[in-house]
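Q: The structure that follows is given in the form of structure tokens.
The values are calculated or read from the model by the stated rules, or taken from the named source; none is laboratory data. For clarity, every value in this text was computed on a predicted model and none was experimentally measured. We place every Cβ from the backbone using ideal geometry, glycine too, and count neighbours over all the protein chains shown. Surface areas here come from the heavy atoms of the whole protein model, side chains and all, with no ligands, DNA or RNA. Shrake-Rupley method; radii C 1.70, N 1.55, O 1.52, S 1.80 Å.
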Amino acid sequence: PYTTLFRSPSFRHADGTPIRHRIYSVPSYANCFPDVQDVQFPAAVANGVSPVLNRAEAELRMSELVYIGASPYYTIDPQMNRSIPYLVPKASLLLQDIGRAFIDSLQVKGLPLHRVIVSSVLRTEADVARLRRSNHNATEQSCHLYGTTFDIKYNDFLPLTSKEGNSDKLKYVLSEVLRDLRQQDRCFIKYEMKEPCFHITVR
């Protein structure tokens, strides 16, 4: 079903064989993606909506939020139960661009096609309260309250063909995509290790 959306690389050598671009990754995940809470939180407040009380209220805020539960460029983790798939339009566009650029990069590097997996999106105040009961280190001032922030897994990807790629190589390619978007001042990114994900807030 994805053959019309995602085609084989169109760049070829003179003999017709595809040009395979090298995988570079980034020198250091921690150094390339250092944007901690103190950096991301002001951007979330400036670019986001006022916090949503609960899921019922979220349904009434559709003039401010975009449903992001279905896309050819990314997928929502089916185990996601502490947030809901809504973002402000600017963050929704960023997520779509990440997913599309990741697939494009896999194509030109000759790697099996995969979608990124989003593991956390908008959290309501009720979601944050529940999370703090089970995790005392969780902050009440979560960027996820504002619809500007999402987490993308770096240790799990959804294959689009029968052939699965090497997870390390997929992570390298994703890091290249995210580094470029961060350098374009489109987002802040924190490399998380406890929860294996890139924590991303739109700018």
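Q: Restricting things to alpha carbons, tell me how big the chain is in terms of Rg and Dmax, in Å.
A: Cα radius of gyration and Dmax of the chain are 17.5, 62 Å respectively.
Q: Just in the stretch 102-189: which trypsin sites (Lys or Arg not before Pro) are loop by DSSP and have at most 13 other Cβ atoms within 10 Å?
A: Values: sites: 109, 115, 123, 130, 132, 133, 153, 163, 169, 171, 179, 182, 186; in loops: 109, 123, 163, 186.
Answer by residue number: 163.
Q: Additional query: Over the chain, give the accessible area per residue in Å² for a 1.4 Å probe, as an integer.
A: Numbers: 10550 Å² over 203 residues.
Ligands and nucleic acids excluded, the result is 52 Å² per residue.
Q: Round to a whole number: what % of the accessible area of the chain belongs to carbon and sulfur, probe 1.4 Å?
A: Details: 5260 of 10550 Å².
Exposed carbon and sulfur together represent 50 percent of the surface.
Q: Full-extension gain between residue 130 and residue 90, please, as 0.36 nm times their residue separation minus the C-alpha to C-alpha distance. Intermediate results must be reported in sequence, preceding the final value.
A: Working: separation 40, 0.36 × 40 = 14.40 nm, distance 2.74 nm.
Full extension from residue 130 to residue 90 adds 11.7 nm.
Q: What share of the DSSP beta bridges in the chain is antiparallel, in percent to the nearest 5? Write out the running numbers ahead of the final one.
A: Working: 21 of 24 bridges.
Once the DSSP bridges in the chain are tallied, antiparallel ones form about 90 percent.
Q: Label-point separation (nm) for residue 56 and residue 185, each offset 7 Å from Cα along Cα-to-Cβ?
A: Going from the residue 56 label point to the residue 185 one covers 4.4 nm.
Q: If you average 1/r across every pair of different Cα atoms in the stretch 76-136 and take the reciprocal, what Kirkwood value do you get, in Å?
A: On the way: mean 1/r = 0.0741 Å⁻¹.
It is 13.5 Å.
Q: Show that you can apply the helix-only estimate: for the chain, add -39,500 (n - 2.57) for every DSSP H stretch of four or more residues, divide by all residues, and state [θ] at 222 nm to the nearest 500. Could you put the intermediate results ahead of the total?
A: Numbers: 6 runs with 67 residues, N = 203.
So the helix-based figure for the chain works out to -10000 deg cm²/dmol.
Q: Now for a separate question. For residue 141 and residue 31 in one chain, what is 0.36 nm times their gap in residues minus the Cα-Cα distance, to one decimal in nm?
A: Result for the pair: 37.2 nm of gain on full extension.
Q: Continuing with this model, one more query. Which number gives the lysine pairs in the chain that have C-alpha atoms under 21 Å apart and are eight or more places apart or on different chains?
A: For the chain, qualifying lysine pairs total 16.
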